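Before any comments, here is the structure.
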Amino acid sequence: MTWKIKWEEITTSSSMNGQLGSRTSFGRNSVYSSCSEETFASGMKGKQVFTKTGYYKGVIVAIKPIVKTRIEINRPLLLELKRMKDLQNDHIVRFIGACVEPPYCCLVTEYCPKGSLQDILENEEIKLDWMFRCSLLQDTVKGMAYLHNSDVRSHGNLKSSNCVVDSRFVLKITDIGLHALRTSEENENKVSYAYWRKKLWTAPELLRMPNPTPEGTQKGDVYSFAIIASEVVVRQGPFYLKEVDLSPKEIIERVKEKRKPPFRPFLDENLYDEEVIQMIRRCWAEDPMERPNFDHLKSIVRRLSKENASSNILDNLLSRMEQYANNLESLVEERTANYLEEKRKAEDLLYQLLPKSVARQLIRGEAVTAESYDSVSIYFSDIVGFTSLSAQSTPHGGQWLSFSPLYPMENFLYWTCCLE
């Protein structure tokens, strides 16, 4: 029973009239999205809902309400709760526990503050380069590969709204398992826009079943990943159809039809890498057996990120910072050498213009005190042919010339110009 949590152990916001605390981000209009699409409130349009939060043992956690009046704790549910506690992976949201005491029934999981992948893709202020997109796809593939090899076996409800990003920009999969405690489709309005929109990630073979199992299939998860990958590549929402405007219900009806070629989102081959297009089309193939598994997709996505040896965005960021630091060290050494060379040239010039004792004092930043002499001898002399000599002299040749007030002013000015 390590999964069991008492409601009194969870601290939530008291400013919402007894409701569970929530974190919202204002300032942009979008279709509402969150870590778990079932947590939407009808009045939250125009706000980016991350998830309801609280504090458990001093750590902020995500709280998913269980909309059930009574919860029966039987052996299958206990086994599934144990399997959820056993899931430990860097790309799987950690399941902390559950509160099953009415009226406060909820699931408690790790909180990822950056919101969902859908939030990031819809936010036009966030610029995603290819390295970032490859990192998001690679994290998704790693998380699903681990999930498919675990006792849980499949997700069944994979979509961009339950792929969340933590503070280190690592993508993690959430809303796994425990379908008996989650909102049932039987209680949903089957004519609503939100009901059909949630099915845009569902594989066609599951859509054709009258009563599909909530656990889904592994091949169905691969199809869902293909829709997510097209979202990441195109950034136009799920099932982008270019100029065709269809409602989610109309899209689902066309996907269910067995047509050739099958009805899928639009991908412009001229704008995106050919290998990416091929991977996505293989993943949403009409025949489930033609779709690759996630272990195979790991090698494909790794090849797509050729210039990124690291596994996630933070590792890539640290690698770039290290390269920048190394480059900065060499740049500082080069600039320092240039500075020392220019300093030497300036000192040499100063020594040529001034007496060395005076130059040293100026270089050290000291004040130069005037020297006084008890007696001074001034020698006046006349130079025969000074005017013609000055006309033939160069600036270097003029350094030995002296002057006296007896010389004509034009000769003095010429000599001064020669020195300068």
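The values are calculated or read from the model by the stated rules, or taken from the named source; none is laboratory data. Computed from a predicted model, the values in this text were never measured in an experiment. Here the Cβ is made from the backbone with ideal geometry for all residues, glycine too, and neighbour counts use every protein chain on show. Accessible surface areas use protein heavy atoms only, side chains included; no ligands, DNA or RNA. Shrake-Rupley method; radii C 1.70, N 1.55, O 1.52, S 1.80 Å.
Quick rundown of the values:
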| read-out | value |
| --- | --- |
| Relative contact order (%) - the stretch 200-300, alpha-carbon pairs under 8 angstrom, separation at least six | 35 percent |
| Fraction of accessible area attributable to carbon and sulfur, the stretch 113-169 (%, probe 1.4 Å) | 46 percent |
| Cα-based Kirkwood hydrodynamic radius, the stretch 56-167, one decimal, Å | 15.9 Å |
| Protection proxy ranking, peptides 341-351, 235-245, average beta carbon neighbours within 10 Å, highest first | 235-245, 341-351 |
| Viscosity 0.890 mPa s, temperature 25 °C, Stokes-Einstein D of the stretch 119-203 from Kirkwood C-alpha radius, µm²/s | 166 µm²/s |
| Three-way shape label, the stretch 188-290, alpha-carbon gyration tensor, a/c 1.5 | oblate |
| Magnitude of the charge dipole, the stretch 62-175, Cβ model with Lys/Arg +1 and Asp/Glu -1, debye to 20 | 380 debye |
| Peptides ranked, highest mean first, by Cβ atoms within 10 Å: ranges 191-202, 266-277 | 191-202, 266-277 |
| Carbon/sulfur fraction of accessible area - the stretch 238-299, other protein chains in place, 1.4 Å, % | 45 percent |
| Extended-chain gain in nm, criterion 0.36 nm per residue less alpha-carbon gap, Y351 and S167 | 60.3 nm |
| Accessible area of the stretch 66-133 divided out per residue, in Å², using a probe of 1.4 angstrom | 53 Å² |
| Surface accessible to a 1.4 Å probe, per residue, for the residues of the stretch 158-282, Å² | 49 Å² |
| Separation in nanometres of the label points that stand 7 Å from Cα toward Cβ, at E322 and H296 | 3.4 nm |
| Placed amide H near T53: partners under 5 Å, 5+ positions off or other chain | G21, S22, R23, I63 |
| Protection proxy ranking, peptides 87-96, 169-178, average beta carbon neighbours within 10 Å, highest first | 169-178, 87-96 |
